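Chemist: The structure is given below, and queries will be raised subsequently.
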Amino acid sequence: SRNMEKEEAALCARLIAETSLEGVYTHGANRFATLVKGIDEKRVDVHAHAQRTGSFGVLERWDGKSGVGNLNAYSCMNRAIELAKEHTIGCVALKHTNHWMRPGTYGLMAAEEGCIAMLWTNTTPLMSPWGGADTKVGNNPLVLAIPSKKGPILVDMAMSLFSYGKLETYVREKKELPVPGGWDERGELTTNAESILRSKRSLPIGFWKGTSLAIALDLIAATLSGGRTTRSIGSLPEEGEVSQVFLVFDISKFPDREQLLDEIQATLEDLKESTPLDAEKPVRYPGQFREQTRRENLEKGIPVDEAIWNTILAL
């Protein structure tokens with residue numbers, strides 16, 4: 001429905017379903033209704049496709065034309081991988097696109113092709129600059145993906161301590177955050193997710209370092225793509241026309257590739273042997289349990305919040 005081409009609808013749906021399958025529920029089925037709302041409100045154009053607008057060596061600029069965010073990101077990551085396979089390094093900078101759903105999806109695409117990937121997006125203002133009371137900084141998610149012999153290492157994180165999707169989950173489940181995640185409307189740190197969503201003042205990772213990193217990611221993405229900054233996105237009625245970067249390094253031709261992969265594996269094994277502070281919670285590396293979660297959900301079914309499922313059915 002919504003007049004999307006059949007093949008594109010199937011890909012869009014698969015990317016969303018696989019996100020929930022791998023346990024990232026906040027950016028899978030939980031975000032589906034938001035995507036449909038964007039389509040219905042004409043902020044997401046199902047007929048638009050990202051197009052290349054400029055080429056600068058191993059870097060290309062693309063325009064997302066306000067198309068479907070995960071489809072734009074999928075095609076741009078594929079192009080960045082192609083460039084890396086040809087030149088060792090490939091970069092696609094994308095402007096005027098929409099929310100890409102789960103960022104880690106595109107990092108995994110590169111890692112599964114034997115490449116290292118760095119990618120990020122800017123967002124509408126969702127955090128305060130350190131020491132400020134106004135919401136002026138995006139939480140600008142960053143992904144780092146690294147191939148290894150036992151599956152990709154995946155870092156997928158917003159610059160806020162809790163992503164907005166995670167805050168919304170805590171609100172639905174009527175749970176308090178395990179640690180303070182932002183400021184309430186009185187300017188006090190709180191574990192109440194609903195208060196943080198109202199104030200739009202999330203706590204950045206690393207305090208002032210988190211907002212510094214968020215600002216840098218925003219400005220680099222907007223500069224490379226020629227697109228909007230977080231400040232500019234904030235002038236829109238709803239988040240849209242964001243800027244993204246897909247940077248890929250192909251290591252397949254390195255003469256010492258096998259030695260490098262051996263060292264990566266040795267590092268991961270060393271981490272896993274760390275003495276845990278809690279005996280029931282062993283130390284793990286980023287992305288370690290992705291395949292395990294996938295297997296369990298394939299066997300038992302993918303958990304979906306009942307309220308989210310009813311919202312989807314109502315569409």
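Chemist: Over the chain, with a Gaussian network built from C-alpha contacts below 10 Å, which listed residue (Lys65, Lys272, Lys95) shows the highest mean-square fluctuation?
Modeler: Lys272
Chemist: What FRET efficiency, computed as 1/(1 + (r/R0)^6) with R0 = 51 Å and r the Cβ-Cβ distance, is obtained for Ala33 and Glu86, rounded to the nearest 0.05?
Modeler: 0.80
Chemist: Among Ser202, Ser160, Ser212, whose mean-square fluctuation peaks in a Gaussian network model of the chain (Cα, cutoff 10 Å)?
Modeler: Looking only at Ser202, Ser160, Ser212, the biggest GNM fluctuation is shown by Ser212.
Chemist: Between Ser212 and Lys6, take the C-beta separation as r, use R0 = 51 Å, and let me know the FRET efficiency to the nearest 0.05.
Modeler: Efficiency at R0 = 51 Å is approximately 0.70.
Chemist: So, one more: For region 188-315, what class follows from the C-alpha gyration tensor (a ≥ b ≥ c being the square roots of its eigenvalues): rounded when a/c is under 1.5, otherwise prolate if a/b is larger than b/c, else oblate?
Modeler: oblate
Chemist: Hey, another quick one. With a/c under 1.5 counting as rounded, go ahead and sort region 249-315 into rounded, prolate or oblate using the C-alpha gyration tensor (a ≥ b ≥ c being the square roots of the eigenvalues; past the cut-off, prolate if a/b is larger than b/c, else oblate).
Modeler: oblate
Chemist: Now a separate question. Could you calculate the contour length gain from Glu291 to Lys175, that is, 0.36 nm times the residue separation minus the distance between their Cα atoms, to one decimal place in nm?
Modeler: Here the segment from Glu291 to Lys175 would lengthen by 39.0 nm.
Chemist: With the cut-off at 1.5 for a/c, could you classify the chain from its C-alpha gyration tensor as rounded, prolate or oblate?
Modeler: Because its axes are fairly even, with a/c under 1.5, the chain counts as rounded.
Chemist: Straight-line reach from Lys253: which lysines have Cα under 22 Å away, leaving out those fewer than 8 places along the same chain?
Modeler: Qualifying lysines at Cα under 22 Å: Lys85, Lys149, Lys150.
Chemist: Given points 7 Å out from each Cα along the Cα-Cβ axis, report the Leu219 to Glu273 separation in nanometres with one decimal.
Modeler: Result for the modelled spin labels: 4.4 nm.
Chemist: Using the basic label-point model (7 angstrom from Cα toward the beta carbon), what is the Ile251 to Asp40 distance in nanometres?
Modeler: 4.6 nm
Chemist: How big is the antiparallel share of DSSP beta bridges in the chain, given as a percent to the nearest 5?
Modeler: 85 percent
Chemist: If you don't mind, there's one more thing I want to ask. For a Förster distance of 22 Å, can you work out the FRET efficiency between the beta-carbons of Ser235 and Glu188, rounded to the nearest 0.05?
Modeler: It comes to 0.15.
Quick note: the coordinates plus some simple rules give every number you see, no bench work behind them. Just so you know, these numbers come straight off a predicted model, no measurement behind them. Note that we place each Cβ from the backbone using ideal geometry, even for glycine, and neighbour counts take in every protein chain shown.
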